[in-house]
1. Any idea which of (1) closer than 22 Å to residue 150 by Cα; (2) surrounded by 18 or more Cβ atoms within 10 Å (Cβ to Cβ); (3) in contact (Cβ under 8 Å) with a residue 24 or more places away in the chain is the one residue 56 doesn't satisfy?
2. Scan region 87-105 for residues that are free of Cβ contacts under 8 Å to residues at least 12 places away in the same chain and part of a helix (DSSP H, G or I) and jot them down.
3. Here is a list: 37, 97. Which entry is under 21 Å from residue 24 (Cα atoms) and either in contact with a helix residue (DSSP H, G or I) (Cβ under 8 Å, 6 or more places away or on another chain) or among the polar types (S, T, N, Q) (or both)?
4. Looking only at region 1-58, which residues are over 23 Å from residue 122 (Cα atoms), hydrophobic (A, V, I, L, M, F, W, C) and under 17 Å from the mean Cα position of the chain (by Cα)?
5. Just one of the numbered conditions (1) surrounded by 14 or more Cβ atoms within 10 Å (Cβ to Cβ); (2) touching a residue at least 60 places away in the same chain (Cβ under 8 Å); (3) farther than 23 Å from residue 94 by Cβ is not true of residue 18; which one?
6. Residues of region 106-145 being assigned to a loop (DSSP other than H, G, I, E, B), open to solvent by 60 Å² or more (accessible area, probe 1.4 Å) and either in contact with a Leu (Cβ under 8 Å, 6 or more places away or on another chain) or within 12 Å of residue 18 (Cα to Cα) (or both), which ones?
7. Looking at 79, 2, 73, 43, which is the one that is assigned to a helix (DSSP H, G or I), open to solvent by 20 Å² or more (accessible area, probe 1.4 Å) and out of contact with any Pro (no Cβ under 6 Å at 6 or more places or on another chain)?
8. Name the residue that is nearest to residue 80 (Cα to Cα), counting only residues in region 55-66 that are part of a helix (DSSP H, G or I) and out of contact with any Ser or Thr (no Cβ under 8 Å at 6 or more places or on another chain).
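The values are calculated or read from the model by the stated rules, or taken from the named source; none is laboratory data. It should be emphasised that the depicted structure is a prediction, and the values quoted were computed from it without experimental measurement. Here the Cβ positions follow ideal geometry from the backbone for every residue, glycine too, while neighbour counts run over all protein chains shown. For the accessible areas, the whole protein counts, side chains as well, though only heavy atoms, and no ligand, DNA or RNA atoms are used. Shrake-Rupley method; radii C 1.70, N 1.55, O 1.52, S 1.80 Å.
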Amino acid sequence: MSRFIDYPTLAPQGYQAQAGLERYIRGCGLDHALLELVKTRVSQLNGCAFCIDMHTKDARAAGETEQRLYLLSAWREASCYTERERAALAWAEALTLVAARHPEEALRTELARHFNDKEAVDLTWAIVAINGWNRVSIGCNTPAGGYQPGQYAL
């Protein structure tokens, strides 16, 4: 395995810029449990072991069930997610995979049924942020498995 590149130490201004976006997201008013589901699903799509470890642990610490976490990669076939969660997960997948295909109007319409414009923008920023964290964590070979809930106070 490649060595970990300590990106917060080597590029503290970049890290703090990304952390600033994360602080905004944490305080924007979107439900913490919903954000953890979105962050976990995006991290699954991107194959970021560190972020999957982090966000599943944070979700569990916030009361999320094991069953819902186990089923997250197959959320379309699982009945345990609300319509709002489904809209958020569909939006997260669409934006994460945007290079393959841009979101269709039906997806935007469904998002608007469950999120007002401000919430939709905040959700979009959350998806942008976790995609960024995934890429930095993967690129710098951040080791997975040792994270403890609440470990990073940004």
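1. Answer for residue 56: the failing condition is (3).
2. Passing the criteria: only 105.
3. Testing whether each residue is under 21 Å from residue 24 (Cα atoms) and either in contact with a helix residue (DSSP H, G or I) (Cβ under 8 Å, 6 or more places away or on another chain) or among the polar types (S, T, N, Q) (or both) leaves just 37.
4. Once the filter is applied, which keeps residues that are over 23 Å from residue 122 (Cα atoms), hydrophobic (A, V, I, L, M, F, W, C) and under 17 Å from the mean Cα position of the chain (by Cα), region 1-58 yields 49, 50.
5. Of the numbered conditions (1) surrounded by 14 or more Cβ atoms within 10 Å (Cβ to Cβ); (2) touching a residue at least 60 places away in the same chain (Cβ under 8 Å); (3) farther than 23 Å from residue 94 by Cβ, the odd one out for residue 18 is (3).
6. Residues satisfying the conditions do not exist here.
7. Testing whether each residue is assigned to a helix (DSSP H, G or I), open to solvent by 20 Å² or more (accessible area, probe 1.4 Å) and out of contact with any Pro (no Cβ under 6 Å at 6 or more places or on another chain) leaves just 73.
8. 66
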